[in-house]
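The values are calculated or read from the model by the stated rules, or taken from the named source; none is laboratory data. Model, not experiment: these values are computed from the prediction. Cβ placement follows ideal geometry from the backbone for every residue including glycine, while neighbour counts extend to all protein chains displayed.
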Amino acid sequence: MDRVLFGRTLRAQRTKLLIVLAALAVWGALMPLVYAELIDTPLGAQFKQMVDSGIVPAQLTKFGGGDIFTLPGSIALGLIHPIAVALVCVFAIGFAAAAVAGERQRGTLEVILARPISRRTAYRTLLGSLIVFLCLAILAVLAGTVASSAAFGKLGELKVGNMPLLGLNAVLLYTALGSVALAASVSFDRLGPALGIGLGFTIVSYFFEILGSLWPAAEPLQPLSVFHYLDPQSVLDGKAAPFDLVVLAAVTLAGVAWALAVFPRRDLAAPS
Amino acid sequence: MNAAITARGLTKHYGHRRDPRQRPGRVIEALTGLDLEIHEGEIFGFLGPNGAGKTTMIRLLLGYLHPSAGSATVLGFDTERESQAIRAHVGYLPGGIALYDTMSGLDLLDYLCGLYRRAPSRRAALADRLEMSAATLRRPVRDYSRGMRQKMGIIQALQHDPELAILDEPTEGLDPLMQRAFYDVLADIKREGRTIFFSSHILSEVERVCDRVAIIRRGRLVALQDVARLLDRRKRHVEMRLVGPAPSLEGVPGVSAIQTVDGLLTCQLEGDVRPFLAALDGAAISDLTIEPAHLEEAFLEYYAEET
């Protein structure tokens, strides 16, 4: 890691980071609020009756493996919701894809690599920055969740001791996505292809997981998705699967190995 | 004299010819078999039109590109295996430099110097010479004109007092006054024993500041000489206004293409001027002009061979 490059990267992202962290904290706080409204109000009771009667398909209330009628399930639903995914992907995909390809497209990578920094060190620094951003993002959403659960008197329904493992699982998921985007970033001279690969991998992966959760015939697609290896409800219920972490770590390592092999060997011709 | 830069058969081809039946045109020969030695303490000009291979050479020296064949060293370090060590001792100004627009000039210079882990010992003098005041440096880079960005590029390349400066088209966008200030900066750096590798297509500035020059054409080195010797061997154009009979210049060493039209004698003069001046002794002339030799003629001569 290069200390100067790391510091500059953090400073350059600070405004965006603060906005995303605030949004994620609010989003995290929203799930216990919705759950409390469903459980504690007559309107919520009516809605549960509707679901139990089969008018509303049960799959819709268990979107992405969540369950809106339990607190861990609500939190799970919030974590896998497109809004949460999009917010974290501002860094997992947006930052990662632009980290090298964006600098290269602007021409500023030239100036950085004219300094005595190896490409491997530059990559490691950017990967380190990405992991810091993702840790902060997941921390914000989980902090919002715990604070909101406490505010609505639901903290007792939550095994808070399982939250760090959930955080680790979530960080690993987005690090896996980010490592793919970063691998694409070091492989291209322009932002477009790097962003396309990062977004494409994420969207297809997400689609497989959600389709499988809503349509039983598509379940075989779910193991092909990295999102399949984040099961927040099971983790919060104390039934975490270590294999999920292993798979996500393996995807991350594959991305890192690609980047460390390709980036130092690439020719960086003059920007056109 | 130690070598600051050496290149031995340095070659860079872009593209691949995986199939031998594939057309050779798909492989771009950016640099072919370049042999070069640049001495410590000299200002070396690397001349060629756009696309001749100047930037490819620089990028090979700094490790941005990997050679297809051959090798090069910079300050004794191998460009393939020790490019990080090279960059620790080199200041580089890329052609058409891009800067971080949101940073202030001062923050940007601090950041870029911090990556060297060296003090910006030359920054204040450079900023003073190039008229980048403290107030200007406090402004965001996005507010800078093209010339100010180029000045920032020069300062960031030289502020840490590198042993070797590699400058790609350094006066691009500078006004004539700033160009002159920049030439003074180069002279100072040279006096302190630093080496400057200077890529340009502006012949007059290469002629003015460089000790030696290499001319590159389609990725191949076509000339490598002292600027003074290169100019000595150029033909100078001579004009003289006659007020009497024309002096006899036939057979004078170095004089050729003699023509007299309406009392105006013109000829070409090459090499030592003394035999020519001796031949003019007592000649009836009212005016004499010997145009100085310029690098441009030498350059055009090398390029004319191509057509």
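If you check B:131, B:169, which single one turns out to be on the phi > 0 side of the Ramachandran plot and crowded, with 19+ Cβ neighbours inside 10 Å?
Exactly one residue qualifies, and that residue is B:169.
Considering only helices (runs of 4 or more DSSP H) fully contained in segment A:91-193, which possess at least 2 residues that are at pLDDT 95 or above and buried (at least 23 other Cβ atoms within 10 Å of the Cβ)?
A:96-106, A:119-151, A:163-187
Would you mind stating whether residue B:290 is outside the structural domain of residue B:204 (by TED's automatic domain parsing), surrounded by 11 or more Cβ atoms within 10 Å (Cβ to Cβ) and touching a residue at least 24 places away in the same chain (Cβ under 8 Å)?
yes
Which count do you get for residues in segment B:105-119 that are modelled with pLDDT of 95 or more and among the aromatic types (Phe, Trp, Tyr)?
Of the residues in that region, 1 qualify.
Every residue, every condition in (1) of a type outside the set (Lys, Arg); (2) modelled with pLDDT of 90 or more; (3) surrounded by fewer than 13 Cβ atoms within 10 Å (Cβ to Cβ); (4) under 26 Å from residue B:41 (Cα atoms), yes or no:
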| position | (1), (2), (3), (4) |
| --- | --- |
| B:178 | yes, yes, no, yes |
| B:188 | yes, yes, no, yes |
| B:194 | no, yes, no, yes |
| B:197 | yes, yes, no, yes |
| B:201 | yes, no, no, yes |
| B:207 | yes, no, no, yes |
| B:215 | yes, no, no, yes |
| B:232 | yes, no, no, yes |
| B:258 | yes, yes, no, no |
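Please specify each residue of segment A:233-265 satisfying the condition of being under 30 Å from residue B:66 (Cβ atoms) and among the aliphatic types (A, V, I, L, M).
Correct list: A:251, A:253, A:254, A:256, A:257, A:259, A:260, A:261, A:262.
Hand me the list of strands (runs of 3 or more DSSP E) wholly inside segment B:1-118 holding 3 or more residues that are within 11 Å of another protein chain (Cβ to nearest Cβ).
Of the strands (runs of 3 or more DSSP E) lying wholly inside segment B:1-118, those with at least 3 residues that are within 11 Å of another protein chain (Cβ to nearest Cβ) span B:3-14, B:90-93.
Take residue B:121 and decide whether it is among the polar types (S, T, N, Q) and either in a loop (DSSP other than H, G, I, E, B) or closer than 22 Å to residue A:120 by Cα (or both).
When the stated conditions are applied, residue B:121 passes them.
State whether one or more residues within segment B:210-229 are within 30 Å of residue B:39 (Cβ to Cβ) and among the polar types (S, T, N, Q).
Yes, segment B:210-229 contains at least one residue that is within 30 Å of residue B:39 (Cβ to Cβ) and among the polar types (S, T, N, Q).
Could you check segment A:230-272 and list, in sequence order, the residues that are within 27 Å of residue A:186 (Cβ to Cβ), touching a residue at least 24 places away in the same chain (Cβ under 8 Å), away from chain B (no Cβ under 14 Å) and β-branched (Val, Ile, Thr)?
Within segment A:230-272, A:251, A:252, A:256 meet the criteria.
Kindly indicate which of B:128, B:184, B:161 is among the charged types (D, E, K, R) and assigned to a loop (DSSP other than H, G, I, E, B).
The unique qualifying residue is B:161.
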